[in-house]
Amino acid sequence: MTQEPYIDPRALAQQRLEAMVGRGELSLAEFSDRAAKIWAATCPAELEVALSGLPAGPATGPDPGSARVPATRQTGAITVDESHKKTSVFDTLKREGRWSLPDDYRLTSWMGEIYLDAREAVVDRPRTHLQLDLWGANAKILLPPGVSVAVTGNRTWSELKIDEGRYDIRGGPHLDIEINGFMAGVKIKILGAGEKIPKTWKWF
């Protein structure tokens, strides 16, 4: 009689999170936070706490507009929605808070800046492609711990700075970030959800 191989219950819990983030039911930061609690669990009770509040089974899928929080400026009775703006010229494109990051998402800036806080972003698949085209422009990107990233693209006379800190990657969502540009500056940092950018990060 052969004995079935042991499967770590934490690995099974991780797989459940991966499926949920791929369906858009968890933001990248929510995945990161729960995955850290799962692998820190030393008993079934702690693992149960890490999974508390999650739906019992797969949902039919997220509401396409439920994760998108418009980038707005409040000016009295008038609200300016810039969530669909994908090109900037001499100004700034921002995505922050809870927002939808679809596959093949593309942003372009001419002599401006792109600021992406993807910690609360919601993806709808395990692997997502993001493209930034920067022409004499800068980009700043914040990502949560636990998300794997591959940076590609063609850049000339440009600078890329990455500060990934120290954290473990155990599967989970993956971002393919394609960055193309000329005389561009790109800064990518890893920071937990809810944490403020330290003053020591002067270059960010």
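The values are calculated or read from the model by the stated rules, or taken from the named source; none is laboratory data. For clarity, every value in this text was computed on a predicted model and none was experimentally measured. So basically every Cβ, Gly included, is an ideal-geometry build from the backbone, and we count neighbours across all protein chains shown. We work out accessible area using only protein heavy atoms, side chains counted, and drop any ligands, DNA or RNA first. Shrake-Rupley method; radii C 1.70, N 1.55, O 1.52, S 1.80 Å.
So the values come out like this:
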| read-out | value |
| --- | --- |
| Calculated FRET value between A19 and Y115, using beta carbons and R₀ = 25 Å, to 0.05 | 0.25 |
| Partners for K187 among lysines (Cα-Cα distance below 21 Å; same-chain residues under 8 apart left out) | K86, K94, K140, K161, K196, K199, K202 |
| Per-residue ³J(HN,Hα) for region 119-136, Karplus 6.51 cos²θ - 1.76 cosθ + 1.60, θ = phi - 60°, Hz, x for Gly and Pro | 5, 9, 5, 10, 9, 10, 7, x, 10, 10, 9, 10, 10, 10, 10, 10, 10, x |
| Packing-based ranking, highest mean first, of 103-116, 42-55 given that Cβ atoms within 10 Å are counted | 103-116, 42-55 |
| Per-residue HN-Hα couplings for region 21-35 [Karplus 6.51, -1.76, 1.60; θ = phi - 60°; Hz; x = Gly/Pro] | 5, x, 8, x, 8, 10, 6, 4, 5, 5, 4, 4, 5, 6, 4 |
| Area of T152 that stays accessible when all protein chains are in place (1.4 Å probe, Å², to 10) | 70 Å² |
